[in-house]
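Asks: Here it is, the structure, as structure tokens.
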Amino acid sequence: MSTNPIGIFDSGIGGTSIWKEIHSLLPNENTIYLADSANAPYGLKTKETITQLSVKNTEYLLEQGCKLIVVACNTATTNTISTLRNSYKIPFIGIEPAIKPAALNSKTKAIGILATKGTLTSDLFYTTTSLYAHGLKVIEQVGDGLVELIEMGKLDTEDMRALLKIYLKPMLDADIDYLVLGCTHYPYLIPLFLELLPKHIKIIDSGEAVAKQTKAVLKKNNILNLHRSISKNHFYSNGNPEILKNILGKNCDVQYLNF
């Protein structure tokens, strides 16, 4: 069981930002990454549809023998993680915006959260914000159009810059000192954020914390891979595999999967 792969799924290529953190911390672990790009973005879909897609992704990864599944999508986590945990016996790791560290460390008492509509309107997001954001000004911004551009490989483009300037303006006007990235696609925009934001604003994403939690859960369940053999990492997409390959690097094996 310990040599079985970790399964990771996302609405598209964004969850590879999580995969990179997991692979960096746990290089011996075999992984299977599933990009449901044909259905991206999840953020504008109903909770019922998001649940159906998450179940479909989970079933595929279970068929491949995965020992643990990382839901590398904020929208899927905030809408379906409880359902998945109640429906299947293997451990699930979820992703949610890193509001807590931003809230605890903010000096200006103002933080910005850039996320999808599906994340910002979820019960889990509301609960987390209520717990940690007392006395803070929280500027929530739906990142309409960002995932679509990222899925097309249009990262460093004028269209992307134009959208980001619109979305960041109310945050800058509110004097935020932390920007929380509430979508696993958004870390790929960090070079642009660094270009557009004042240097004192810190950017937080969930990748490192998720990797550490994955390791902790593997240990707790005695399924950490202690073998020193070279790991096998497989990537599947039902969209354009070339875009996923460009994000990961040409040496990664990305296969088209009709599902």
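Asks: Cβ neighbours within 10 Å, averaged per peptide: list 26-36, 203-213, 161-171 in order, most packed at the top.
Replies: Packing proxy ranking, top to bottom: 26-36, 203-213, 161-171.
Asks: By per-residue mean of other Cβ atoms within 10 Å, what is the highest-first order of 141-148, 178-185, 72-79, 127-134?
Replies: Numbers: 141-148: 19.6, 178-185: 27.6, 72-79: 30.9, 127-134: 13.8.
Packing order, densest peptide first, comes out as 72-79, 178-185, 141-148, 127-134.
Asks: Pop out the carbon and sulfur fraction of the accessible area of the chain as a percent, whole number, probe 1.4 Å.
Replies: Result for the chain: 52 percent of the exposed heavy-atom area is carbon or sulfur.
Asks: Still on this structure: Under 5 Å between amide H atoms, partner at least 5 residues away or on a different chain: which partners does Ile203 have, H built in plane at 1.01 Å?
Replies: Leu179
Asks: So if I place +1 on the C-beta of Lys and Arg and -1 on the C-beta of Asp and Glu, and nothing else carries charge, what would the dipole magnitude of the stretch 59-168 be about its Cα centre? I want it in debye, nearest 20. Walk me through the numbers on the way to the answer.
Replies: Numbers: 11 positive and 11 negative charges, 120 e Å.
I would put it at about 580 debye.
Asks: Please work out whether the stretch 200-256 counts as rounded, prolate or oblate from its C-alpha gyration tensor, where a ≥ b ≥ c are the square roots of the eigenvalues and a/c under 1.5 means rounded, while otherwise a/b larger than b/c means prolate and anything else oblate? Don't jump to the answer; show the numbers that get you there.
Replies: Working: a/c = 2.41, a/b = 1.17, b/c = 2.06.
Oblate.
Asks: The list (i) 6, 21, 25, 21, 15, 8, 3, 1, 0; (ii) 7, 28, 34, 22, 8, 1, 0; (iii) 7, 32, 36, 20, 5, 0 gives values of P(r) over Cα pairs in 10 Å bins from 0, in percent, and only one came from this structure; which label was calculated from it?
Replies: (iii)
Asks: Then there is this: Starting at the first residue of the stretch 191-198, write each ³J(HN,Hα) from the Karplus equation 6.51 cos²θ - 1.76 cosθ + 1.60 with θ = phi - 60°, in whole Hz, x for Gly and Pro.
Replies: x, 6, 4, 5, 6, 9, 9, x
Asks: On to the next question. Add -39500 (n - 2.57) for each DSSP H run of 4 or more in the chain, then divide by its residues: what number comes out at 222 nm, to the nearest 500 deg cm²/dmol?
Replies: -13000 deg cm²/dmol
The values are calculated or read from the model by the stated rules, or taken from the named source; none is laboratory data. These numbers were taken from a predicted model, which means no experiment stands behind them. Every residue, glycine as well, gets a Cβ built from its backbone with ideal geometry; the counts of neighbours run over all protein chains shown. The accessibility values were calculated without ligands, DNA or RNA, using every heavy atom of the protein model including side chains. Shrake-Rupley method; radii C 1.70, N 1.55, O 1.52, S 1.80 Å.
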